[in-house]
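See below for the structure under consideration.
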Amino acid sequence: MQLVIENLSKTYANGVKALNGINLSINKGLFGLLGPNGAGKSSLMRTIATLQEPDSGSIYLGNIDALKQKEEIRKVLGYLPQEFGVYPKIDAELMLDHLAVLKGIANRKERKEVVEALLHKTNLWEVRNKNISGYSGGMKQRFGIAQALLANPKLIIVDEPTAGLDPAERNRFLNLLSELGEDTIVILSTHIVEDVKELCQDMAIINRGTVMYKGSPDTAIDTLSGRIWKKRIRKKELDDYRKLFRVISERMIAGEPVIHVLADTPPSGFSNIEASLEDVYFSRILA
């Protein structure tokens, strides 16, 4: 099954053009959607999830028209938004059971088996009777994935899932997403480059509602091979270097900027370095 998005556009009432003719084809596995805050990632996710209407374009999951067959797409969709609300005074097992009823799992025995399996899968079994309000950020995200997996979805959307997680929780969550991607289309929308590099075989970079790149992370990095140059400079020199070169990023180290420059020929005083996905990201969003 493939998710095909064609010529998708959306302009909000305030004049912001959130999506500008988006075209994407996404296969089974983990697909990374990279972009800065305000790039249009969440607008795209909400449109795919049937939470808002586009102005034009189409979305098909296999032979399901997501814009015309909303109930059909919802039956096979799991969605973990950037912020999701739950009843804090209810424990995870009871909440999942309630959500399973809403998903159409009417048989009590079947529902019990599904809920217990998901609690084990997301490593929440030992805390299944604890109120969700007492969960850590990572536990809440894993509960979010558990509810997204109800009814065996064919498409899972997760929007900024690792933001705010500590390193241990982030690793647990990414490992879980990696497992899910073996059998399902999983769209990972994020601004964290490392998450995409570690997990995804296919990706897109989106900025200002436009797809700036679509392909594999490795292929994207190869396009910059031999073209990234690094130099440590004084802070007062930064503006001059920006005028002279295509500075794609700078990072303060010991109080002084270290800049990365994209150039086909060696700039004087710079050292050549191996390109990274972060270099790809900055070179595309600053294009």
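FYI, it's all coordinate maths here, none of it is from the lab. These numbers were taken from a predicted model, which means no experiment stands behind them. Cβ coordinates were reconstructed from backbone atoms using ideal geometry, including for glycine residues, and neighbour counts include every protein chain displayed.
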Between the alpha-carbon centers of region 62-140 and region 1-57, tell me the distance in whole angstrom.
24 Å
5 Å is the cut-off here: which amide hydrogens, built 1.01 Å from N in the peptide plane, fall below it relative to Y213, excluding neighbours closer than 5 in sequence?
I205
Residue by residue through region 251-267, which ³J(HN,Hα) values in whole Hz follow from phi under the Karplus form 6.51 cos²θ - 1.76 cosθ + 1.60 (θ = phi - 60°), with glycine and proline marked x?
9, 7, 10, 6, x, 10, x, 10, 9, 10, 10, 9, 7, 7, 10, x, x
With a ≥ b ≥ c the root eigenvalues of the C-alpha gyration tensor of region 1-45, is it rounded (a/c under 1.5), prolate (a/b larger than b/c) or oblate?
oblate
Take each of the peptides 27-33, 41-47, 55-61, 102-108, average the number of other beta-carbon atoms within 10 Å over its residues, and list them starting from the highest.
41-47, 27-33, 55-61, 102-108
Report ³J(HN,Hα) in whole Hz for each residue of region 57-68, in order, from the Karplus equation J = 6.51 cos²θ - 1.76 cosθ + 1.60 where θ = phi - 60°; Gly and Pro get x.
x, 9, 9, 10, 10, x, 9, 8, 7, 5, 8, 10
Per 0.36 nm of contour for each residue apart, how much would the distance between K109 and M1 grow if the chain were fully extended, relative to their Cα-Cα spacing?
35.9 nm
How tilted is helix 137-148 with respect to the longest principal axis of the chain? Cα atoms for both, answer in degrees (0 to 90, nearest 10).
60 degrees
Measuring from its Cα centre, region 222-286 shows a charge dipole (+1 at each Lys and Arg Cβ, -1 at each Asp and Glu Cβ) which, in debye to the nearest 20, is 260 debye
Straight-line reach from K28: which lysines have Cα under 27 Å away, leaving out those fewer than 8 places along the same chain?
K10, K41, K68, K70, K75, K103, K121, K140, K154, K197, K214
May I ask what percent, to the nearest 5, of DSSP beta bridges between residues of region 2-214 are antiparallel?
50 percent
Overall Cα dimensions of region 157-209, principal axis frame, Å, largest first
32, 27, 17
With only alpha-carbon pairs counted, each pair once and no self-pairs, how large is the Kirkwood hydrodynamic radius of region 222-286 in angstroms?
11.9 Å
Nearest 10, in degrees from 0 to 90: the angle of helix 108-121 to the longest Cα principal axis of the chain is 30 degrees
Residues meeting the amide H criterion for G29 (H placed from the backbone, H to H distance under 5 Å, 5 or more places apart or on another chain) are T184, I185, V186
Per residue, what volume in Å³ does the convex hull of the Cα atoms of region 95-155 enclose?
83 Å³
Qualifying GluC sites (Glu not before Pro) for region 69-155 [loop in DSSP, other Cβ within 10 Å: at most 12]:
E83
Convex hull (Cα only) mean projected area of region 106-251, reported in nm² to one decimal
12.9 nm²
Given a Förster distance of 35 Å, the FRET efficiency implied by the Cβ-Cβ spacing of S56 and R234, rounded to the nearest 0.05, works out to 0.10
